[in-house]
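Q: Once you've had a glance at the structure underneath, I'll fire off some questions.
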Amino acid sequence: MTATTATGASRLVLRNARLPDALAGKPTSGAVPRVDITIAGGLVTAIEPSPKDGADGLNEAGAEIHDMRDGLVLPAFVDIHTHLDKGHIWPRKPNPDGTWMNALLSVAEDRERHWSASDVERRMEFSLAAAYAHGTAAIRTHLDSAPPQHGITWDVFEKVRERWADRIELQGVSLLGPDHLLDKAIVTEVARRTKAGKGVMGGAIADHPETRQAMRNVVEAAGEAGLDLDIHCDETGSPDASALYWLADAVIELGYTGRVAAGHCCALAVQDETTFNKTVERVAKAGVAVISLPMCNMYLQDRGESGGRKTPRWRGVAPLRELAEAGVPVAIASDNTRDPFYAYGDLDGIEVLREGARILHFDHPADEAWAWTQSMGAWPARFAGMATRAEVVVGAPADLVLLSARSWSEMMARPQSDRKIMRAGRIIDAKLPDYRDLDDLMGDTSWT
């Protein structure tokens with residue numbers, strides 16, 4: 001497989017490609033047929049079975065031919081839950097014990113000390129450059145929006161979104177904690193700024209005695225402002241957490257008609273069957289989509305108060321398969337990247353799929369596994385109302401990830417560092433940014 005399309009040909013044919021049916025408009029099929037994909041004018045113009053015995057394929061006269069040698073073709077990724085404003089602060093502000101509470105406190109301290117417009121912008125740019133090089137076409141990012149930070153971060157986000165518009169589709173979500181969600185004046189102020197930024201209304205609540213009122217406040221504000229919703233819910237191992245239930249309840253009771261997503265929802269995995277069924281029924285009725293963050297949730301959850309010396313007893317993730325079987329739209333995503341909430345990660349869709357399969361067990365039954373790759377593509381693109389389609393079908397943009405791996409097992413066994421990224425029908429020459437580019441923002445990193 002060559003790494004350039006600059007031959008002057010008006011059409012490109014990816015010959016002998018393996019294209020999962022589930023990513024090509026047949027979502028319930030587990031087949032991975034060998035096909036020839038024709039690309040012209042930045043679009044997929046034909047998908048035909050590959051000819052046998054090396055015969056010429058259909059309509060190949062004058063086309064540039066790339067022999068995929070049975071390599072997989074995937075649509076570019078949709079990363080529906082990230083935190084670009086927090087990204088890559090770990091060298092200057094690590095999490096001292098890996099717990100959720102110290103992640104929260106560490107980020108708050110770093111934000112107060114360092115989050116100028118310049119600091120946030122440079123770290124956002126770094127994160128987007130990495131995501132682009134890995135093959136991501138659309139990102140939704142949560143943005144810490146407690147005043148006065150909303151006045152800085154949303155201005156930066158709007159500028160960055162415009163700069164990246166022809167490479168990555170960006171959605172921004174305001175993020176407020178429970179105390180701010182209970183203050184209607186602040187919720188209204190942030191909703192106003194979010195609307196001005198063409199964003200999504202959001203917030204976060206893990207386990208709080210006034211969860212019900214907080215959810216009513218944010219749903220009501222979103223409805224009045226005409227905003228979609230995306231809430232961090234129940235990111236805790238407490239079976240008493242109820243933000244997801246009360247979010248769905250507020251959506252129903254207040255007659256809210258916008259799109260709604262809920263991230264994390266970890267507590268569902270430790271609740272009794274009665275509570276679980278009651279919540280899932282309400283969520284399905286309200287049309288709330290659930291986003292699991294397998295890498296971050298497994299990293300943070302069940303550390304307890306051990307100072308990092310406890311082996312976890314559960315994986316920390318939402319029961320995604322059961323939610324999907326109940327008719328709830330689902331997705332997975334990167335979440336945090338090299339910050340106190342998650343020390344690792346690089347906004348890499350292949351990594352998220354690989355770890356998601358291992359942690360969430362969507363690799364079996366095997367004939368259903370390929371359908372789950374839509375959890376980093378078409379599924380979130382649809383429920384988030386994105387322009388990105390994340391499908392390989394005739395008429396769709398040729399925004400593709402080309403792999404040398406030929407099967408599910410080969411794709412999951414290695415990081416696919418030799419992948420080629422195609423955007424609008426051309427192989428891009430995008431390199432991962434060097435961590436050294438951020439060294440001047442990190443201060444003294446001699447501890448590393």
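The values are calculated or read from the model by the stated rules, or taken from the named source; none is laboratory data. For clarity, every value in this text was computed on a predicted model and none was experimentally measured. Here Cβ is always computed from backbone atoms with ideal geometry, including for glycine, and neighbour counts include all displayed protein chains.
Q: Looking at (1) in contact with a helix residue (DSSP H, G or I) (Cβ under 9 Å, 6 or more places away or on another chain); (2) of a type in the set (A, V, I, L, M, F, W, C); (3) assigned to a helix (DSSP H, G or I), find the lone condition where residue 138 falls short.
A: (3)
Q: Run residue 64 past the list (1) among the charged types (D, E, K, R); (2) modelled with pLDDT under 95; (3) part of a loop (DSSP other than H, G, I, E, B) and report the number of the one that doesn't hold.
A: (3)
Q: Among residues belonging to region 265-283 that are acidic (Asp, Glu) and touching a residue at least 12 places away in the same chain (Cβ under 8 Å), point out the one that is surrounded by the fewest Cβ atoms within 10 Å (Cβ to Cβ).
A: 272
Residues checked against (1) among the β-branched types (Val, Ile, Thr); (2) in contact (Cβ under 8 Å) with a residue 40 or more places away in the chain; (3) surrounded by fewer than 17 Cβ atoms within 10 Å (Cβ to Cβ):
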site: 162; (1), (2), (3): no, no, yes
site: 186; (1), (2), (3): yes, yes, no
site: 210; (1), (2), (3): no, no, yes
site: 231; (1), (2), (3): yes, no, no
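Q: How many residues does region 319-364 hold that are of a type in the set (A, V, I, L, M) and more than 21 Å from residue 412 (Cβ to Cβ)?
A: 4
Q: Quick check on residue 328: is it within 30 Å of residue 101 (Cβ to Cβ), in a helix (DSSP H, G or I) and touching a Gly at 6+ places or on another chain (Cβ under 9 Å)?
A: Taking the combined requirement at face value, the residue does not satisfy it.
Q: For residues that are of a type in the set (Phe, Trp, Tyr) and surrounded by fewer than 23 Cβ atoms within 10 Å (Cβ to Cβ), scanning just region 313-361, find the one that is modelled with the lowest pLDDT.
A: Checking each candidate, the answer is 314.
Q: Within the set of pairs 6+ apart or on separate chains, which have a first residue in region 7-24 that is closer than 12 Å to residue 425 by Cα, a second that is modelled with pLDDT of 95 or more and assigned to a loop (DSSP other than H, G, I, E, B), and C-beta atoms under 6 Å apart?
A: 14/68
Q: If you take the residues in region 109-135 that are assigned to a loop (DSSP other than H, G, I, E, B) and not aromatic (Phe, Trp, Tyr), which one is surrounded by the fewest Cβ atoms within 10 Å (Cβ to Cβ)?
A: Checked region 109-135; the qualifying residue surrounded by the fewest Cβ atoms within 10 Å (Cβ to Cβ) is 116.
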